[in-house]
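*Asks:* Here's a structure for you.
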Amino acid sequence: MRRLVSSGSPYGPEIGFSRAVRVGDRVLVSGTGPVWPDGSCDPDAEVQARRCLEIIETALTEAGATLADVVRTRMFITTPDAAAGVSRAHGAVFGEIRPAATMIIVAGLLDPRWVVEIEAEARPGSA
């Protein structure tokens with residue numbers, strides 16, 4: 001059975017994606033940018049990463065998982081200068097959970113204000 005979790009983003013139907021998809025015991029959370037409800041974007045990498053992780057946590061909850069169930073994350077950053085702040089935010093959430101994690105420097109993200117985008121995979125009940 002396939003369960004889709006929408007973020008309400010206007011890009012969902014346009015691009016054809018879900019914030020998260022649950023298939024069996026896997027929850028895959030799409031690349032998540034630092035989107036605030038009012039459309040603003042803080043320029044600080046750590047603040048952006050915390051926002052990404054908040055959105056991911058909401059999607060996991062809607063899919064029947066928790067942050068403790070996360071087994072993999074991927075962090076895409078646009079500059080090496082963002083690594084320290086993104087690492088702090090990731091460590092604050094996953095320091096005890098310690099999923100497999102990758103941080104990749106990319107040329108750019110969908111919104112030029114974003115310096116980070118994060119995706120996650122969880123296995124509910126694996127904590």
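The values are calculated or read from the model by the stated rules, or taken from the named source; none is laboratory data. Everything numeric here is computed off the predicted structure, so don't read it as measured data. Here the Cβ positions follow ideal geometry from the backbone for every residue, glycine too, while neighbour counts run over all protein chains shown. These accessible areas exclude ligands, DNA and RNA; they are computed on the full protein's heavy atoms, side chains included. Shrake-Rupley method; radii C 1.70, N 1.55, O 1.52, S 1.80 Å.
*Asks:* Open to solvent by less than 50 Å² (accessible area, probe 1.4 Å) and of a type in the set (A, V, I, L, M): is that true of LEU110 in this structure? Before the answer, list the steps.
*Replies:* On the way: open to solvent by less than 50 Å² (accessible area, probe 1.4 Å): no; of a type in the set (A, V, I, L, M): yes.
For LEU110, the condition - open to solvent by less than 50 Å² (accessible area, probe 1.4 Å) and of a type in the set (A, V, I, L, M) - is not met.
*Asks:* Can you tell which of ALA84, ALA92, ALA122, ALA100 is open to solvent by less than 30 Å² (accessible area, probe 1.4 Å) and among the aliphatic types (A, V, I, L, M)?
*Replies:* ALA122
*Asks:* Then there's this: Going through the stretch 39-81 one residue at a time, which ones are of a type in the set (Lys, Arg) and touching a residue at least 24 places away in the same chain (Cβ under 8 Å)? Let's see the steps before the verdict.
*Replies:* First pass over the stretch 39-81, keeping only residues of a type in the set (Lys, Arg): 50-51, 72, 74.
ARG50, ARG72, ARG74, listed by residue number.
*Asks:* Given the condition more than 15 Å from the chain's Cα centre (by Cα), within 19 Å of ALA101 (Cα to Cα) and not in a loop (DSSP other than H, G, I, E, B), answer yes or no: does some residue in the stretch 37-50 qualify? Steps first, answer last, please.
*Replies:* Step one: filter the stretch 37-50 for residues more than 15 Å from the chain's Cα centre (by Cα), giving 37-44.
Those left that are additionally within 19 Å of ALA101 (Cα to Cα): none.
No: zero hits.
*Asks:* Can you confirm whether GLY91 is among the small types (Gly, Ala, Ser) and either under 11 Å from VAL116 (Cβ atoms) or not in a helix (DSSP H, G or I) (or both)?
*Replies:* When the stated conditions are applied, GLY91 does not pass them.
*Asks:* Sort out which residues of the stretch 24-36 are among the small types (Gly, Ala, Ser) and either over 20 Å from ALA101 (Cβ atoms) or not in a loop (DSSP other than H, G, I, E, B) (or both), and write them in order of number. Full working, then the answer.
*Replies:* Here is the first cut: in the stretch 24-36, the residues among the small types (Gly, Ala, Ser) are 24, 30-31, 33.
GLY24, SER30, GLY31, listed by residue number.
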